[in-house]
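Student: Please read through the structure below; I'll follow up with questions.
The values are calculated or read from the model by the stated rules, or taken from the named source; none is laboratory data. These numbers come from a predicted model, not from an experiment. Here the Cβ positions follow ideal geometry from the backbone for every residue, glycine too, while neighbour counts run over all protein chains shown. Each accessible area value is taken on the protein alone, full model and side chains, heavy atoms only, with ligands, DNA and RNA left out. Shrake-Rupley method; radii C 1.70, N 1.55, O 1.52, S 1.80 Å.
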Amino acid sequence: MSRLVLAGMDLVAVVLLVFALYFPRHRRRDLVVAYLGVNVGVFAVASSLSSSTVGAGLGLGLFGVLSIIRLRSTELDQHEVAYYFSALALGILGPLSGTSVWMVGALTALILAVMFVGDHPRLLRRYRRHIIVLDSAVTDSVALTAHLEQLLGARVHNVNVERVDLVNDTTVVDVRYSRPRVTATGGRRPVDAGAVR
């Protein structure tokens, strides 16, 4: 009976993770299939391993092997990696936990709550990261930061120069910045371009 309850909890949890959290926020259909398939597959394999003498060590090894295979097959953003590991954790949590159904339910709820809050659109919504190609070769970091702040109309927190091409006169940068707060009157607070980052 508890095995069926755990299976039901896993299915409900992964459906909530995928269709209530991930897809409405990110709209990437191919990962919906990946998250569902990985979760159900890991749950099935972990359930069969839990009844044998191999123990949790092999289950965690399976977790690692599946992670490496999946993460090497295509490029994923960091939030997609977090959803991927959450789907894996939900699949392996019940069969190999060795704890009560209530504890599994509490840990499942914790995973879903963390993903709900951590990936919420309002959490740190002003902060952005972009790879930008500039049509000039800039080697002065202060001038580069000032130029990016003027270009983006935002406060630049970090600039990582990935490539400077003096022949083609381009600069590729990884920039982390925050958009200005909108004031009560609808205007924007000015950006302090001369501040040291």
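Student: Condition first: open to solvent by 40 Å² or more (accessible area, probe 1.4 Å) and either closer than 16 Å to V40 by Cα or assigned to a helix (DSSP H, G or I) (or both). Now tell me which residues in the range 98-110 satisfy that.
Tutor: If the condition is that a residue be open to solvent by 40 Å² or more (accessible area, probe 1.4 Å) and either closer than 16 Å to V40 by Cα or assigned to a helix (DSSP H, G or I) (or both), then V101, W102, M103, A106, L107, A109, L110 are the ones that fit.
Student: What is the one condition in (1) crowded, with 16+ Cβ neighbours inside 10 Å; (2) at pLDDT below 90 that R189 does not satisfy?
Tutor: Just one mismatch for R189, condition (1).
Student: Still on this structure, please answer the following. Step by step: first the residues of the range 164-177, then only those that are in a strand (DSSP E or B) and either among the acidic types (D, E) or without any contact (Cβ under 8 Å) to a residue 40 or more places away in the chain (or both), then the one that is farthest from T139 (Cα to Cα). Which residue is that?
Tutor: In this case the residue turns out to be D174.
Student: Right, something else. Please enumerate the residues belonging to the range 133-163 that are open to solvent by less than 60 Å² (accessible area, probe 1.4 Å) and either of a type outside the set (A, V, I, L, M, F, W, C) or assigned to a strand (DSSP E or B) (or both).
Tutor: L134, S136, T145, E149, G153, V156, V159
Student: Would you check which residues across the range 117-132 are free of Cβ contacts under 8 Å to residues at least 40 places away in the same chain and either in a loop (DSSP other than H, G, I, E, B) or open to solvent by less than 50 Å² (accessible area, probe 1.4 Å) (or both) and list them?
Tutor: Residues satisfying the conditions are H120, R122, L123, L124, R125.
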